[in-house]
Amino acid sequence: MKFHSLFFILALTHSTHSFAKDKNYTSENQNFFHEIFVTRSDVIWGFDFLPDNRIIFTERGGKMAIFDPATKKVTELSGVPKVHAHGQGGLLDVRVHPTNGLIYFTYSEPIKGDVSTTAWASATLTGDKLTSVKKLFSAHQPNDNEIHYGSRIEFDGKGHIFITVGDRNERHHAQDLKFHQGKVLRFKEDGSVPSDNPFVGVKDAKPEIWSYGHRNPQGLVIHSESGELWEAEFGPRGGDEVNFIVPGKNYGWPVVTFGKEYWGPKIGEGVKKAGMVDPIAHWVPSISPSAMAFYQGETFPKWKGNLFLATLSSTHIHRIVLDGKKVVKEEELLKDLDYRFRNIRSNKDGFLYYSTDEGKLGRIVPVKSL
């Protein structure tokens, strides 16, 4: 273990405000506990790790901040653009680019009055301020609905960035290539469109589209070994999905879904249709998967290759064991905490980090490591 990683672990260990450290959990004969090191008053929607091991995070109400494990302090950043912090909208995901060092983030962009849309921007972190803030993308088309913005960010390590945009409660737009709503989008790092995107040159189609037919995708991850893109999205009343994303493919919403209207009736034409991709996994009733991560560390060796979902309505971290693209086992972790888990990420220290709608930023730690 490198010295800076060891320092990070020790710093967090001695600085956290821990919850249930005296309670051990077990999964695959691995004992672990969880601990909290940040408690805020707002939803912590996104977070990522800076090169010096500080953690940058967003609060949905519009604040971006950094937790420093060495000083145990949270510092709020200036320079964050104004966001439409209503309903499910606000300041959303944040990612630190692994090579160019830029901070990429998504947010609900206020347009006029109650109208907003999903936007994506880049910035440079200069001390405690975002500088050179540049809006790279604004989704078509804005509306006054305050739900289903998406919007996770993922890097493919090949110069491309993926962004998700929800259907914004205009579900028919998810099937319409003239709109960004209900889509996974692919860009170059500067916000321009790659020439090999599947709908480049297609009449009336938005060239940023990578896949379509999505409802509200808030989970997005590149498998670090295979390079494959996986996505998770909310269904309505049931019908949450995990999908393996193939460029140009249609994932069905709202034509096919395992979910129903909240008041009972079915939606669309059924659960399958020729030309539409079946999910890898789906859940009825809903678990509300808000983020996802593949675990490839060595700290929990029996979790290696497993997929983890942060769930909201089901208030647990959902572990999925895969055989290729087939689900062979599922497990619920930390269910007793009754947290709405908003985000989940693994770090180079081998621990799993999470954030919650209750304003918690914490991690899962093996008992033997401390």
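The values are calculated or read from the model by the stated rules, or taken from the named source; none is laboratory data. These numbers were taken from a predicted model, which means no experiment stands behind them. Methodologically, a virtual Cβ is constructed for each residue, glycine included, from the backbone with ideal geometry; neighbour enumeration extends over all protein chains shown.
If you check THR39, THR58 for being touching a strand residue (DSSP E or B) at 6+ places or on another chain (Cβ under 9 Å), surrounded by fewer than 17 Cβ atoms within 10 Å (Cβ to Cβ) and among the polar types (S, T, N, Q), only one passes: THR39. Note on region 93-116: residues that are of a type outside the set (S, T, N, Q), in a strand (DSSP E or B) and more than 21 Å from LYS188 (Cβ to Cβ) total 4. Here the strands (runs of 3 or more DSSP E) wholly within region 261-370 that include at least 3 residues being within 14 Å of the chain's Cα centre (by Cα) and either in contact (Cβ under 8 Å) with a residue 60 or more places away in the chain or farther than 18 Å from HIS214 by Cβ (or both) are 289-294, 307-311, 341-346, 352-356. Is it the case that region 102-112 has a residue that's loosely packed, with under 14 Cβ neighbours inside 10 Å and modelled with pLDDT of 95 or more? Checking region 102-112: at least one residue is loosely packed, with under 14 Cβ neighbours inside 10 Å and modelled with pLDDT of 95 or more. Among residues of region 107-123 that are without any contact (Cβ under 8 Å) to a residue 24 or more places away in the chain, those with a beta-carbon under 8 Å from a residue that is part of a strand (DSSP E or B) at least six positions away or on a different chain give the pairs ALA119/THR106; ALA119/TYR107; ALA119/SER108; ALA119/GLU109; ALA119/LYS135; ALA119/PHE137; ALA119/SER138.
If you go through region 236-251 and pick out every residue that is within 25 Å of SER195 (Cα to Cα) and surrounded by 24 or more Cβ atoms within 10 Å (Cβ to Cβ), you end up with 2. Just wondering, is there one or more residues in region 260-273 that are out of contact with any strand residue (DSSP E or B) (no Cβ under 8 Å at 6 or more places or on another chain) and among the aromatic types (Phe, Trp, Tyr)? Checked region 260-273: at least one residue is out of contact with any strand residue (DSSP E or B) (no Cβ under 8 Å at 6 or more places or on another chain) and among the aromatic types (Phe, Trp, Tyr).
Residues that are outside any strand (DSSP E or B) and in contact with a Leu (Cβ under 9 Å, 6 or more places away or on another chain) were ranked within region 11-52; the one that is modelled with the lowest pLDDT is THR13.
Among the residues of region 196-224, just one is basic (Lys, Arg) and either within 17 Å of ILE153 (Cα to Cα) or touching a helix residue (DSSP H, G or I) at 6+ places or on another chain (Cβ under 6 Å) (or both), namely ARG215. Number of residues in region 169-227 that are in contact (Cβ under 8 Å) with a residue 40 or more places away in the chain, among the small types (Gly, Ala, Ser) and more than 16 Å from HIS140 (Cα to Cα) equals 3. Scanning region 311-349 for residues that are small (Gly, Ala, Ser) and crowded, with 22+ Cβ neighbours inside 10 Å turns up just one, SER346.
Within region 228-240, if we keep just the residues that are among the charged types (D, E, K, R) and within 14 Å of the chain's Cα centre (by Cα), the residue that is farthest from HIS282 (Cα to Cα) turns out to be GLU231.
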